[in-house]
Amino acid sequence: MIASLSHSLITAQTVIPKFGHADDCVRQNRTFCWGWFSDHWDDVFQPALLDHIKLTLIAVVVGFAISIACAIFAYERGWFERPFSVFAGVLYTIPSLALFQLLVPVTGLTELTVEVALVSYTLLILFRNTLTGLREVPEDARDAARGMGLTARQMLWRVEVPLAVPAIIAGVRVATVTVISLATVAAFVVDEGLGAPIFAALQSSFNTEFIAAGALAVLLALLADALLVGFQRLVTPWARAGGTR
Amino acid sequence: MKDFVNAFKFMGDNLDLLVNKTVEHLELSGAAIAVALVIALPIGLWLGHLHRGSFVAINAANVGRALPSLAIIAIGLGILGIGFVNVMVALVVLAVPPILTNAYLGVDQVDRDTVSAAEGMGMRPWQVFTRVELPISLPLVFTGIRTSAVYVVATATLAAIAGGGGLGDIIVNQASYKLAGVIAAAIWVAVLALLVDAAFGLLQRAVTPRGLRRAAEVSDAPPPDEGAAAPLVAGRPVPGIE
């Protein structure tokens, strides 16, 4: 029995649980093992990346809807700005890890907890940018719209909101990048997103997994930022024509 | 609801622990902000004085904001391993951009006429910098420091996974402290972040020259609260932002 066991130990290639048949790089836990990374792209990193994008999209879309509605309301009724700013400001200041944990007793270890926290971080940025954008619409443009006989509602949707688009997208940029960053922390609550491999790696201090997941999160944030800049140029051609930037 | 009641019970029973961890948390945050200040303030202020390097100074904030803090710590864990060095590097990397960008913008955006007037009075460049540009830019410079400080206090919580200590130690260790302890520490750290924000807000008000304080109240400038360099930099059309 013992003989056969030791025999199998000698003949079998080293098997590290979860890492499968390990090569030298993995066994010695070198800084980064390309082989392991590409072997586990399909079962670890790609799903984590897709989950991360999903978490981010939901949070930004929901946050966008709430913030735009609140910003337009505050634009029409000035008194609403102060209380909402204070509320969103407090949420924005609470450290993400703390907010996730504080929501757990209320909404449990669910995706809902994660989304509520992520949405709450988008509110301040989107609300403030939208409101500033609306307020910076030139009075001349409003006068012209009134002169053309537009009703208040038409003026809002055809003149003021379109002119505020650059400021709104600037806000979406910041909010998206912020959410991508904070969604890594969501892995404390649910086993999703690029934070999940980071926490898995904590159990074994496995360098490759740390670096790969961390680098993917950084790349995703930079890529999203660049895409939104491109989108902003696409939908606001007049900003380019002005030659002010 | 019971969880929150238990959390407050935990606070009462473990006040010493929470106070110790808070001190640790603030020491770590303070050290990181101090290092970031030493690196970022001189560069930002000097570039602003010269009106050079706007691309670097402004984009520092955009890139800095894009860096997920947990990812930075994770990459640090892979390269530097667990320990104080990794945590400090991550916190400093995250603290530098807002300070740098706001210091640059603060000095760069001082009214050129004011600077000309000072030069006309015969001030040397150094005097223009210390007596005119610096006092006028202080509110914006402090906005950057405030943003960084709040950011670092929040991120120091995550640093616990890399052996940084502080209140995060309790939050990530539910096995030892139970849910009550985790929630107690979460409440504690949330209040700490809000207090740091408020403290820097007061400090910011105190360093604002009296003349500017009135001007700020009269003009319709967006209030400097909530510190976020983000809305400031990305929200308002700053020349050369892209």
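The values are calculated or read from the model by the stated rules, or taken from the named source; none is laboratory data. Because the structure is predicted, anything quoted here is derived from the model rather than measured. Because the Cβ atoms are built from the backbone with ideal geometry, glycine has one as well, and the counts that use them run over all protein chains shown.
Of all residue pairs spaced 6 or more apart or on separate chains, those with beta-carbon atoms under 6 Å, a first member in region A:181-204 that is within 11 Å of chain B (Cβ to nearest Cβ) and a second member that is acidic (Asp, Glu) and in a helix (DSSP H, G or I) are A:Gly193/A:Asp51; A:Pro197/A:Glu209; A:Ala201/A:Glu209.
Checked against the criterion of being hydrophobic (A, V, I, L, M, F, W, C) and in contact with a Leu (Cβ under 6 Å, 6 or more places away or on another chain), the candidates B:Ala185, B:Ala154 yield just one match: B:Ala185.
Taken together, the residues in region B:61-93 that are at the interface with chain A (Cβ under 7 Å from one of its Cβ atoms), within 14 Å of the chain's Cα centre (by Cα) and not hydroxyl-bearing (Ser, Thr, Tyr) amount to 1. Looking across A:Leu150, A:Leu134, one residue alone is in contact with a Phe, Trp or Tyr (Cβ under 8 Å, 6 or more places away or on another chain), modelled with pLDDT of 90 or more and more than 24 Å from B:Ala60 (Cα to Cα). It is A:Leu134. Against the list (1) of a type in the set (A, V, I, L, M, F, W, C); (2) in contact (Cβ under 8 Å) with a residue 12 or more places away in the chain; (3) surrounded by fewer than 21 Cβ atoms within 10 Å (Cβ to Cβ), the condition B:Ala7 fails is (3). Mind checking which helices (runs of 4 or more DSSP H) fall wholly inside region A:77-167 and carry at least 2 residues that are more than 30 Å from B:Asp3 (Cβ to Cβ)? So the answer is A:81-93, A:111-135, A:139-147, A:152-155.
Residue-level check: of (1) in contact (Cβ under 8 Å) with a residue 40 or more places away in the chain; (2) among the polar types (S, T, N, Q); (3) more than 29 Å from A:Ala213 (Cβ to Cβ), A:Thr178 misses just (3).
Matching residues to (1) assigned to a helix (DSSP H, G or I); (2) aliphatic (A, V, I, L, M); (3) closer than 30 Å to B:Val141 by Cβ:
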{"residue": "B:Glu24", "(1), (2), (3)": "yes, no, yes"}
{"residue": "B:Arg52", "(1), (2), (3)": "no, no, yes"}
{"residue": "B:Val63", "(1), (2), (3)": "yes, yes, yes"}
{"residue": "B:Ile73", "(1), (2), (3)": "yes, yes, yes"}
{"residue": "B:Gly78", "(1), (2), (3)": "yes, no, no"}
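Screening A:Phe84, A:Phe64 for residues that are more than 26 Å from B:Ile82 (Cβ to Cβ), over 21 Å from the mean Cα position of the chain (by Cα) and at pLDDT 90 or above leaves exactly one candidate, A:Phe84. Only one of the listed residues (B:Val38, B:Val93, B:Val87) is among the β-branched types (Val, Ile, Thr), assigned to a helix (DSSP H, G or I), buried (at least 20 other Cβ atoms within 10 Å of the Cβ) and modelled with pLDDT of 85 or more. That residue is B:Val87.
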